[in-house]
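**Q** Sharing a structure, written as structure tokens. Questions coming.
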Amino acid sequence: MAGKKTPKVPRAAYEQELLRLQTELVKLQEWVRAEGARLVVVFEGRDAAGKGGTIKRVSEHLNPRVARTVALPKPTERERTQWYFQRYVEHLPAAGEIVLLDRSWYNRAGVEHVMGFCTKEEYQLFLRQCPIFERMLVEEGILLRKYWFSVSDTEQQKRFRQRLKDPTRRWKLSPMDLESITRWEAYSRAKDEMLVHTDISDAPWFVVESDDKRRARLNMIAHLLGSVPYHEVPPPVLELPARPPSTGYQRPPRDLQTYVPDHAASL
């Protein structure tokens, strides 16, 4: 007998808890900056699994000079001749930085493997080298967190249809995204094989059930916060200075400058 379906998180409860978690993310950011820590968060999963929306909520209130999102395009001809991990190494954080990887080196274990963009030898080499590479990152002191967003086939198709109808999100769809529907089982096998080789104790995978986007975002952020031993860093004491008296400055006439039209007045 199938288990009872988990109800969706109510919007009011979601927004209240999201704001609380985002406040904690700011505290985490300040701890990373004060301690000189280096945090890498890997977001992986099928197309339309909810990675982008979660990254948006994670980074929404963070300082972009501290926390940056990395979403690399397909490799250039020069990058194709490099060691596979090389193009990712240059995006790793320095002291006091957070990097959110919107897809990562795991492209080779997923889309490249399934779509035939790499050879079998390159794929097998990746599966051997990836655990070694990640252990090196952890030994170096980098905090590495890996999240796999798991979405059902019916929910993925629903989201694809919504994107097709929404002009603000149509750009998220590509022919390769749509082809993933016909290769569902191939991607499933690739994901299973990836987990067998790369779910290691030094850098384990954490699976996020993402059919309910709100639940997925809250669960992922709460887990991330609970996995890092951060503490609140007292902010510097700031006081607004008194505005000094005028020294006679006068603003130039407004007609000497070009202003944008008041589009809002037409609403």
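One line per residue, one yes/no per condition, for (1) modelled with pLDDT under 95; (2) surrounded by 10 or more Cβ atoms within 10 Å (Cβ to Cβ); (3) of a type outside the set (V, I, T); (4) more than 20 Å from the chain's Cα centre (by Cα):
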position: D202; (1), (2), (3), (4): no, yes, yes, yes
position: V208; (1), (2), (3), (4): no, yes, no, no
position: R215; (1), (2), (3), (4): no, yes, yes, no
position: I221; (1), (2), (3), (4): no, yes, no, no
position: V233; (1), (2), (3), (4): no, yes, no, yes
position: L238; (1), (2), (3), (4): yes, no, yes, yes
position: R243; (1), (2), (3), (4): yes, no, yes, yes
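**Q** Okay, moving on. Given the criteria under 23 Å from R33 (Cβ atoms), surrounded by fewer than 17 Cβ atoms within 10 Å (Cβ to Cβ) and modelled with pLDDT of 95 or more, does P93 qualify?
**A** When the stated conditions are applied, P93 does not pass them.
**Q** Among the residues that make up the range 200-207, is at least one of them part of a helix (DSSP H, G or I) and either under 30 Å from L137 (Cβ atoms) or among the hydroxyl-bearing types (S, T, Y) (or both)? Outline the logic, then answer.
**A** First, pick out the residues of the range 200-207 that are part of a helix (DSSP H, G or I): none.
No, the range 200-207 contains no residue that is part of a helix (DSSP H, G or I) and either under 30 Å from L137 (Cβ atoms) or among the hydroxyl-bearing types (S, T, Y) (or both).
**Q** Considering the range 34-72 alone, what residues qualify as being of a type in the set (D, E), open to solvent by 20 Å² or more (accessible area, probe 1.4 Å) and more than 25 Å from P234 (Cβ to Cβ)?
**A** Scanning the range 34-72 gives a single hit, D47.
**Q** Among the residues of the range 161-178, count how many are in a helix (DSSP H, G or I) and either out of contact with any Asp or Glu (no Cβ under 7 Å at 6 or more places or on another chain) or at pLDDT 95 or above (or both).
**A** In the first step, residues of the range 161-178 are kept if they are in a helix (DSSP H, G or I); the result is 161-165, 170-172, 175-178.
Remaining after also requiring either out of contact with any Asp or Glu (no Cβ under 7 Å at 6 or more places or on another chain) or at pLDDT 95 or above (or both): 161-165, 170-172, 175-176, 178.
The qualifying residues number 11.
**Q** Hey, another quick one. Please give the number of the condition F149 fails out of (1) assigned to a loop (DSSP other than H, G, I, E, B); (2) crowded, with 17+ Cβ neighbours inside 10 Å; (3) within 18 Å of the chain's Cα centre (by Cα).
**A** Answer for F149: the failing condition is (1).
**Q** Then there is this: Mind checking which pairs have a first residue in the range 1-17 that is open to solvent by 100 Å² or more (accessible area, probe 1.4 Å) and a second that is at pLDDT 75 or above, Cβ under 6 Å, 6 or more apart or different chains?
**A** Cβ pairs passing all conditions: K8/D212.
**Q** Oh, and also: Taking the range 96-116, which residues are open to solvent by less than 30 Å² (accessible area, probe 1.4 Å) and among the charged types (D, E, K, R)?
**A** Listed by number, the list holds a single entry, E112.
**Q** Keeping to the range 64-122, report how many residues are part of a strand (DSSP E or B) and among the hydrophobic types (A, V, I, L, M, F, W, C). Explain how you work it out, then say what you get.
**A** If we filter the range 64-122 for residues that are part of a strand (DSSP E or B), which is where we start, we get 67-70, 97-102.
Now restrict to residues that are among the hydrophobic types (A, V, I, L, M, F, W, C): 67, 70, 98-101.
Looking only at that region, the number is 6.
**Q** Test of understanding: among V9, V32, V26, which residue is outside any strand (DSSP E or B) and touching a His at 6+ places or on another chain (Cβ under 7 Å)?
**A** Numbers: V9 fails: touching a His at 6+ places or on another chain (Cβ under 7 Å); V32 fails: touching a His at 6+ places or on another chain (Cβ under 7 Å).
Among V9, V32, V26, only V26 is outside any strand (DSSP E or B) and touching a His at 6+ places or on another chain (Cβ under 7 Å).
**Q** Could you say whether any residue in the range 136-147 is out of contact with any strand residue (DSSP E or B) (no Cβ under 7 Å at 6 or more places or on another chain) and either within 18 Å of G45 (Cα to Cα) or not acidic (D, E) (or both)?
**A** Scanning the range 136-147 turns up at least one residue that is out of contact with any strand residue (DSSP E or B) (no Cβ under 7 Å at 6 or more places or on another chain) and either within 18 Å of G45 (Cα to Cα) or not acidic (D, E) (or both).
**Q** Suppose we keep only residues that are open to solvent by 70 Å² or more (accessible area, probe 1.4 Å) and assigned to a helix (DSSP H, G or I) within the range 179-194. Which one would you say is modelled with the lowest pLDDT?
**A** Per the stated criteria, the residue is T182.
**Q** Continuing with the same structure: What's the number of the only condition in (1) farther than 27 Å from K5 by Cβ; (2) touching a helix residue (DSSP H, G or I) at 6+ places or on another chain (Cβ under 7 Å); (3) free of Cβ contacts under 8 Å to residues at least 40 places away in the same chain that A190 fails to meet?
**A** In the conditions (1) farther than 27 Å from K5 by Cβ; (2) touching a helix residue (DSSP H, G or I) at 6+ places or on another chain (Cβ under 7 Å); (3) free of Cβ contacts under 8 Å to residues at least 40 places away in the same chain, A190 misses (3) alone.
Here's the yes/no breakdown for (1) within 24 Å of P73 (Cβ to Cβ); (2) in contact with a Ser or Thr (Cβ under 7 Å, 6 or more places away or on another chain):
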| position | (1), (2) |
| --- | --- |
| A95 | no, no |
| R103 | yes, no |
| G110 | yes, no |
| K120 | no, no |
| L125 | yes, no |
| E139 | no, no |
| V151 | yes, yes |
| L164 | yes, no |
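The values are calculated or read from the model by the stated rules, or taken from the named source; none is laboratory data. Fair warning: this is a prediction, and the values are worked out from it, not measured in the lab. For neighbour counting, all protein chains shown are included, and Cβ atoms are generated from backbone atoms with ideal geometry for every residue, glycine included. Quick note on the areas: whole protein, heavy atoms, side chains included, nothing else; ligands and nucleic acids left out. Shrake-Rupley method; radii C 1.70, N 1.55, O 1.52, S 1.80 Å.
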